[in-house]
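First comes the structure, then the notes that go with it.
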Amino acid sequence: MNLFFKKFSVIITLLLVFTSCNSAEVIELSSPDTSKKIVFLEGENNNITFSVYYNDKKIIQTSVLELLSEELNFSGKVTVEQIENTSVNTTWNSRFSELSTIPDHYNQTKIYLKQGNAKLNIIARAYNEGVAFSYEVPAQNGIEEIGLSENIHYNFSENFPVWSTPKREKGVLTAQGKYSKIPMTELQEGADRPLLIEVSDDIKIALAEAQLVDYARMSFDKGNSSKYSIVSSLDGKTEALKQDEITGAVIEENKVAGARVHKKLPFQSPWRVVMMGESYGELLENNYLIQNLNPPSEIADDSWIKPGKVLRETTLTTQGAFAAIDFVSSHNMQYIMFDAGWYGNEMKNSSDATTVTLDPKRSKGPLDMQAVTAYGKERGVGLILYVNRRALEKQLDDILPLFKEWGVAGIKFGFVRVGDQDATAWMHEAIKKAAEYGMIVDVHDEYRPTGFSRTYPNLLTQEGIRGDEESVPNDHTLITMFTRTLAGASDNTVCYYNSRVNKMGSHASQLAKTICVFSPLQFLYWYDKAPAAPIKEDGLWGDTKTIGNEPELEFFNNVPTTWDETKVLKAEIGEVGVIARRKGNDWFIGGINGTTPHNVEVDFSFLEPNAKYLAKVYTDDETVKTRTNVKIEEVAVSHKTKQNLSLKSNNGFVMHITKQ
């Protein structure tokens with residue numbers, strides 16, 4: 001059956017119902033533009049099978065969804081009892097995304113199945129940007145709760161290259177790990193999502209997850225269901241977790257055998273997603289697909305949620321905070337943040353985040369928290385406090401009302417637990433609670449987004465990226481731009497004066513990260529201090545430098561952190577990338593180059609026709625005698641302009657384009 005729909009502007013309910021039949025039927029679901037298709041129950045009928053097509057090319061061969069439970073036996077003959085079809089064509093608006101108006105256009109089918117004696121519903125959607133499915137276990141047989149494990153066996157026709165994070169093992173960061181391009185047959189346990197697969201020169205796909213809220217995390221490994229296969233599975237329950245005190249990597253844990261999730265009936269799984277595009281750039285431009293697979297915002301009035309730019313205050317003193325607030329206020333930034341150490345040693349279970357008890361290794365003080373928030377309020381600057389997961393897990397219900405009383409604007413969650421169902425459920429419940437107290441949230445370390453920020457937009461950003469703290473070179477940032485950022489916002493912590501910038505790339509390429517790596521909370525000058533702040537030379541924050549007054553800092557002052565429109569102008573993964581983003585009438589372009597020099601042509605055809613613009617161009621130039629060697633030029637441009645830029649190894653550029 002071919003479920004092909006016309007475009008409608010509202011949901012169409014219950015288009016078609018089938019009664020029980022003796023055998024499974026082949027069920028096809030096409031995207032509104034017919035370029036994407038997912039086919040269910042093709043072939044033998046003892047498994048729940050699916051395959052995926054892009055422009056009539058079968059890019060995922062017949063594959064299998066495998067569910068295991070002691071309470072329900074998901075095996076045996078698959079029969080279709082009923083089918084419901086709907087179509088949606090709408091938009092929604094966001095102040096916190098890479099687009100301000102986001103299209104949400106899809107065709108959906110809900111297939112009511114029996115596999116053996118177990119009832120199971122498959123909900124599938126086909127978008128112009130890709131396809132997705134989830135499964136629903138309805139109430140049945142008087143069973144209240146089941147334990148469940150899930151394996152999806154994806155089969156392919158060739159040994160396609162994939163971009164994978166490292167093997168998940170003790171002492172290794174995966175979400176923050178280094179990407180490698182490998183044949184899919186060399187995948188190792190724990191490859192994180194999204195998993196980018198290069199099917200051909202003009203077909204790129206990514207296996208992803210959406211709406212992970214109260215479930216175990218999905219990850220990938222090489223499969224054995226065919227010659228070229230990938231298997232996804234869920235993280236098992238973890239106990240007795242011990243983390244490295246510097247990196248947060250798990251160094252000791254006890255994995256509990258058995259079912260990976262436990263759920264009361266009925267329930268629906270997270271979405272299993274196949275993002276599809278002709279290029280890396282198209283995948284990135286369409287990454288709103290992940291948020292579309294999440295429910296709309298639960299926050300009726302989100303006016304208190306303010307994206308912006310953040311300066312970490314490294315001295316943990318009242319004097320240093322006042323200096324940081326003055327700098328932030330005068331440079332069009334919105335927040336300062338106190339990192340680890342303000343409430344003692346964050347890595348000790350005895351640490352108490354309801355008190356200001358300075359860690360003497362990090363600060364000698366004094367620090368008057370409420371004086372800081374009061375001064376910040378005078379200057380229009382908010383305070384974000386870092387809290388390690390040890391204090392968060394035991395004190396969240398105490399610190400939220402206390403932080404509200406102190407006048408704190410948000411919390412940075414540190415060294416969070418991720419993976420198993422308990423950790424996932426706790427995390428998202430904590431974000432909900434933070435919203436109740438008017439707190440924005442930045443989740444750090446191994447957490448990666450699956451679109452929850454649509455439902456709770458106070459979750460402004462998260463790490464789960466190999467960012468500047470890892471001294472990552474430009475060529476790896478150019479991998480991250482087209483892999484990790486497919487999932488959503490990424491807190492990269494942009495360095496500027498720190499000596500590691502010379503190892504990573506250049507100062508112009510650091511400017512470009514504010515455009516190329518999207519984050520509604522953009523941390524700038526990581527490791528650097530405000531000019532009037534006390535000197536800090538304890539080494540715990542890296543090579544601390546004083547922020548200067550170089551002319552190009554005006555770009556940091558002017559660049560927004562959320563956008564109305566995004567266009568990828570050039571995308572060669574690991575090599576070179578150029579992204580243009582619009583806020584109001586202004587356009588900002590960021591370009592990052594890898595190891596090999598490139599000549600880049602910037603085509604301004606995205607500009608409004610018959611309008612005049614002025615582009616301020618910032619490039620690396622060793623002849624400019626400042627600490628940062630950034631050259632600034634002004635150029636008149638229009639939608640007909642094409643400008644060539646010669647980028648040396650590991651250089652970059654940015655542009656701020658204003659309408660005249």
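Each reported figure results from applying straightforward, stated rules to the coordinates on display, with no laboratory input. Note that this is a predicted model, so its numbers are computed, not measured. So basically every Cβ, Gly included, is an ideal-geometry build from the backbone, and we count neighbours across all protein chains shown.
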For a paramagnetic label modelled at 7 Å from the Cα of K404 toward its Cβ, which residues of region 296-310 fall within the zone defined by backbone nitrogen distances under 19 Å?
-> 298-306
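How much length, in nm to one decimal, is gained on full extension between E634 and N349, taken as 0.36 nm per residue of separation minus their Cα-Cα distance? Please report the intermediate quantities before stating the final value.
Numbers: separation 285, 0.36 × 285 = 102.60 nm, distance 5.47 nm.
Working it through step by step, the gained length comes to 97.1 nm.
Taking 0.36 nm per intervening residue step and subtracting the Cα-Cα distance, what contour gain separates W92 from D621 on full extension? Mind showing how you got there, number by number?
Numbers: separation 529, 0.36 × 529 = 190.44 nm, distance 4.27 nm.
Gain on extension, W92 to D621, equals 186.2 nm.
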Would you pull out the residues with amide H under 5 Å of L113's amide H, same chain only if 5 or more places away, H placed 1.01 Å from N?
-> E81, L120, N121, I122
Looking at region 119-200, which GluC sites (Glu not before Pro) are DSSP coil and have at most 10 other C-beta atoms within 10 Å of their C-beta?
-> E144
Which FRET efficiency value, to the nearest 0.05, do you get for D244 and R500 by plugging their Cβ-Cβ distance into 1/(1 + (r/R0)^6) with R0 = 35 Å?
-> 0.95
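So which trypsin sites (Lys or Arg not before Pro) in region 628-660 end up in coil per DSSP with only 11 or fewer other C-beta atoms within 10 Å? List each step's numbers first, then the result.
On the way: sites: K631, K640, K642, K648, K659; in loops: K640, K648.
For trypsin sites (Lys or Arg not before Pro) across region 628-660 that sit outside H, G, I, E and B with at most 11 neighbouring Cβ atoms in 10 Å, the list reads K640.
With r as the distance between the Cβ atoms of Q268 and D104 and R0 = 30 Å, compute the FRET efficiency 1/(1 + (r/R0)^6) and round to 0.05.
Details: r = 18 Å, r/R0 = 0.61.
For R0 = 30 Å, the calculated efficiency reads 0.95.
Which length gain, in nm to one decimal place, applies between S180 and D56 when the Cα-Cα distance is subtracted from 0.36 nm times their residue separation?
On the way: separation 124, 0.36 × 124 = 44.64 nm, distance 2.98 nm.
Length gained, S180 through D56: 41.7 nm.
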Within region 201-225, whose backbone N sits under 16 Å from a point 7 Å along Cα→Cβ of E169?
-> 221-222
Residues K659 and E554, FRET efficiency given R0 of 22 Å [Cβ-Cβ distance, rounded to 0.05] = 0.75
Which GluC sites (Glu not before Pro) does region 520-609 hold that lie in a coil by DSSP with at most 16 other beta carbons within 10 Å?
-> E537
In the structure shown, do any of K119/K433; K57/K583; K37/K222; K204/K570 have a Cα-Cα gap over 27 Å, and if so which?
-> K119/K433; K57/K583
Rough spin-label spacing in nm, given labels placed 7 Å along Cα→Cβ, for D397 and A300 = 2.5 nm
